[in-house]
Amino acid sequence: MKIGFIGTGNVGGALAKALGSKGHSIYLGTRDLQSEDVLNLKNQIGPNTSIHPINEIPSKADVIILATPWRISEGLVKSLADQMSNKILIDCTNPLKTDLSGLEIGHTSSGGEVLQMAAPGAKVFKAFNTTGFNIMESPVLESRKAVMFFCGDDKESRHIVQDLIKDVGFESIDAGPLSAARLLEPFALLWISSAYKFGLGRDFAFSLIRRKN
């Protein structure tokens, strides 16, 4: 599958490496085509990877993964909205306050829904937002897969998002329509707060335990 990345930092880089290792074609979007970090990332992923200006990513990719800081995400998506029509857009962002004390959007809407409004023709899914990039690099802890919930409104594309989550190495759980991002974004804040404020550190993840009859 052709997967484009807008945002190639810690989260985008971890996902690009994981999905590139599964044979997907990776398109890295950047403002600086000579960025040393992006060139190094391309070399780490391998020959199925190319670097392009951000505004070219939607035309090249079947799936676009957005891993940018929240403060620029809505404007960026809006500027590319026409090109994102009928594309799957996986939103990895969280509308965090700058001091990590809470969310800028919540309860009656979500960052995912804001981005859907910014690009009405895109098939927006929320995923890869509820844990740290280090867990994305290695999502199996003590022989158990970390869980990754996803949500979105487009029924025909759900299996594609679910398969990509599995390719990264997570247990993939469908959380329903895009409005469920109102749950997943606070869930992300729980991981962030636990990691940075409540002493757990970054090397933990959430998982599901099922009762066996």
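If neighbour count is taken as other Cβ atoms inside 10 Å, put Thr68, Thr49 in order from fewest to most.
Ascending Cβ contact count within 10 Å gives the list Thr49, Thr68.
What dipole magnitude, in Debye to the nearest 20, does the range 2-196 give about its Cα centre under +1 on Lys/Arg Cβ and -1 on Asp/Glu Cβ?
200
Choose one answer from Ser25, Ser73, Ser194: the residue with the largest mean-square fluctuation in a GNM of the chain with alpha-carbon springs under 10 Å.
Most flexible of the set in this elastic network: Ser194.
Around Lys42, under 12 Å between beta carbons, what's the net of Lys plus Arg minus Asp minus Glu among the other residues?
-1
Counting other beta carbons within 10 Å of each Cβ, put Glu36, Glu74 in order, fewest first.
The order, fewest Cβ neighbours first, is Glu36, Glu74.
Once you order the gyration tensor axes a ≥ b ≥ c over the Cα atoms, which shape class does the range 122-196 get: rounded for a/c under 1.5, otherwise prolate or oblate by comparing a/b with b/c?
Oblate.
Extending each Cα 7 Å along its Cβ direction at Asn43 and Asp154, get the distance between those two points in nm, one decimal.
Computed distance between label sites Asn43 and Asp154 equals 3.5 nm.
A short reminder: the numbers here are calculations on the coordinates, not readings from a lab. Remember, it's a predicted structure, so these values are computed and weren't measured experimentally. Glycine gets a Cβ as well: all are built from the backbone with ideal geometry, and neighbour counts include every protein chain shown.
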